Amino acid sequence: MNDLLLNIDESFVDWARAQFALTAIYHWLFVPLTLGLAVIMGICETRWYQTRDTFWRDTAMFWQRLFGINFAMGVATGIILEFEFGTNWSNYSWFVGDIFGAPLAIEGIVAFFMESTFVAVMYFGWKKVSPGFHLASTWLTGLGATISAWWILVANAWMQCPVGCEFNPDTMRNEMTSFLDVALSPFAVGKFCHTVISSWIIGAVFVAAVSCWYLWKKREERLAKESIKIAAWVGLFASLGAGATGHVAGQQVAQSQPMKLAAMEALYNGGTDQGLTAVALISPFSQPDYINEPSAPLKIEMPYFLSMMATNDFHGFVPGINDILNGYTTPEGKTEPSVDEKISRGRQAINALSAYRKAKKEGADEATLNDQLTILNKNMQYFGYGFMKDKRQAVPFIPVNFWAFRIMVGLGCIFILFFAVLLAVSYQYPKQLFAKYDIAALPAWHYIIAIILVPLAYIASESGWIVAELGRQPWTIQDMLPTWVGVSNIDSTSVAVTFFLFLFLFTLMLAVEINILLKQIKKGPERH
């Protein structure tokens with residue numbers, strides 16, 4: 001086992017995680033707006049193709065201009081993320097690079113080049129290609145961005161629920177056994193649908209906010225009113241779709257990552273007939289005493305709803321944190337070992353791997369090698385637990401997961417209401433309620449609400465990612481590789497320095513983008 005234990009500076013693990021979190025959070029500020037605006041501008045250009053009304057061409061070009069500014073910033077931050085796998089997470093890259101690298105390579109070669117090709121046609125081809133080809137280029141630009149997101153999310157989903165792979169003790173690497181299992185895993189499909197659909201919400205909120213600003217300033221009235229109608233339809237569909245796909249994602253988490261679900265709910269002790277917590281007194285700054293407390297204090301819940309969300313059965317069994325730590329048996333008779341047992345079996349796997357490699361190096365006979373391989377294969381599913389010193393390491397930080405999940409869901413409900421009202425006011429239907437409201441002549445505070453929802457949409461989106469990534473801690477790969485084993489063995493000072501460098505650069509880039517976007521919005525659409 002000694003040759004597998006890593007002499008890693010603990011502060012380096014913290015800095016490496018902080019740097020990756022910083023880069024990912026900034027990158028995700030640009031990506032969802034790219035995906036959302038792609039749908040809006042595609043619809044606008046489709047209307048121009050159908051009507052040949054130059055208004056729709058000018059509207060499409062306006063949203064495409066804002067799309068391009070945001071797209072460029074997203075590319076710059078995304079490239080740095082991939083470099084960090086090699087600089088800060090080299091052990092992770094070595095251990096699973098054969099699997100994790102495949103979707104990233106496809107994303108870079110296929111999707112990125114697809115985006116680059118058609119985005120050029122979209123911007124510079126208005127007078128050089130036919131209207132049909134230009135329309136196709138616009139939609140293909142958005143499709144390329146969506147395909148790019150697909151492959152990134154396939155890689156991320158594999159970290160959450162590893163499938164289609166097999167550990168090779170000779171190379172010390174996990175190797176892909178089925179590309180289709182990795183690319184089309186239910187976890188990947190669910191994550192993709194939920195992430196992309198929720199990104200459309202940000203695009204719709206952004207378009208609605210810009211349009212409301214125009215109405216507030218009494219300018220670009222037709223563009224604003226027509227764009228609001230499109231944004232309202234897209235936003236309402238996306239908000240409802242995010243709820244539906246979120247339900248599916250919740251069930252997948254319950255099956256593959258029960259500890260994440262328990263942390264999200266602050267569910268200390270589970271069982272059947274579990275209620276969904278609306279709110280509870282969870283301190284955001286300290287880990288609760290989940291072992292000695294029977295449940296979170298002052299908890300208000302919706303009876304049976306957690307069981308329904310996790311199992312599609314109002315009386316379904318949902319394990320809590322202590323159940324997972326101590327082991328449990330479901331009503332159907334399925335037994336899950338305790339974390340202590342998993343740690344023990346994980347160490348058996350590590351020791352067997354060490355003994356196998358040593359025996360092979362010394363030229364041992366086939367029987368001796370097979371004996372160690374048998375022990376390794378029997379316990380390999382708990383390999384990652386062997387690096388833990390205490391079962392409490394298997395519990396993620398509950399407060400962040402608990403509150404981030406509620407922020408995401410709560411804001412999602414607000415967006416459903418917002419887009420439903422926006423749609424009703426835009427069409428003044430039903431007339432008995434909205435006939436007297438002209439969306440272009442509302443008091444200013446109505447428009448201000450739409451503008452305020454832009455940062456709230458980003459907070460909801462970032463909260464979703466925080467739950468997804470912090471909820472699976474302490475794992476870089478679920479049940480396979482703890483975070484502290486995946487890092488590089490380098491000095492933490494270099495990562496700390498680059499952390500603050502990236503913080504400065506990304507903040508500067510964000511400020512520049514916001515400044516350019518505001519100038520272009522103030523300038524408004526060009527008339528052709």
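The values are calculated or read from the model by the stated rules, or taken from the named source; none is laboratory data. Owing to the predicted nature of the structure, the values given are computational and were not obtained by experimental measurement. Positions of Cβ are generated from backbone atoms using ideal geometry, with glycine treated the same way; all protein chains shown enter the neighbour counts. Accessible surface areas use protein heavy atoms only, side chains included; no ligands, DNA or RNA. Shrake-Rupley method; radii C 1.70, N 1.55, O 1.52, S 1.80 Å.
Tabulated values for the structure
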quantity	calculated
Average accessible surface area per residue within the chain, 1.4 Å rolling probe, Å²	45
Part-to-part distance (alpha-carbon centres) for region 381-420 and region 32-82, which is given in Å	32
Accessible-area value, ARG357, 1.4 Å probe, nucleic acids and ligands omitted, Å²	90
Estimated FRET transfer efficiency when R0 is 25 angstrom, pair GLU82-LYS128 (beta carbons, to 0.05)	0.15
Region 106-232 - charge dipole about Cα centre, Lys and Arg +1 at Cβ, Asp and Glu -1, debye rounded to 20	1000
Positive dipole terminus of the chain, leading residue within PRO186, LEU510, LEU376 (C-beta point charges)	LEU510
Of LYS229/LYS523; LYS191/LYS229; LYS127/LYS229; LYS218/LYS522, those spanning more than 20 Å from alpha-carbon to alpha-carbon	LYS229/LYS523; LYS191/LYS229; LYS127/LYS229
Residues with amide H under 5 Å from that of VAL279, placed H, sequence gap 5 or more	ILE300
Rg to Rh quotient for region 1-147, alpha carbon positions, Kirkwood Rh	1.15
Straight-distance crosslink candidates among lysines, where the alpha carbon sits under 17 Å from LYS334 and sequence neighbours closer than 8 are dropped	LYS342
Anchor LYS360: aspartates and glutamates whose Cα lies under 16 Å away (excluding residues fewer than 8 positions away in-chain)	ASP3, ASP170, ASP371
Calculated FRET value between ASP371 and PHE179, using beta carbons and R₀ = 35 Å, to 0.05	0.60
20 Å-binned pair-distance histogram of the chain (Cα, whole percent)	20, 50, 26, 4, 0
Modelled label reach - GLN520, point 7 Å along Cα→Cβ, region 56-85 residues with backbone N closer than 15 Å	58-76
Cα-based reach from LYS378 at 14 Å (exclusive), listing aspartates and glutamates while leaving out same-chain residues under 8 positions away	GLU166, GLU341
Heavy atoms of ASP340 accessible to a 1.4 Å probe, total area in Å² rounded to 10	80
Accessible heavy-atom area order of TYR26, TYR304, highest first, probe of 1.4 Å	TYR304, TYR26
Expected-Rg normalisation [2.2 N^0.38 Å, Cα atoms] applied to region 181-335	1.38
Region 269-345, dipole about Cα centre (Lys/Arg Cβ +1, Asp/Glu Cβ -1), debye to the nearest 20	120
Whole-percent carbon and sulfur share, accessible surface of the chain, 1.4 Å	65
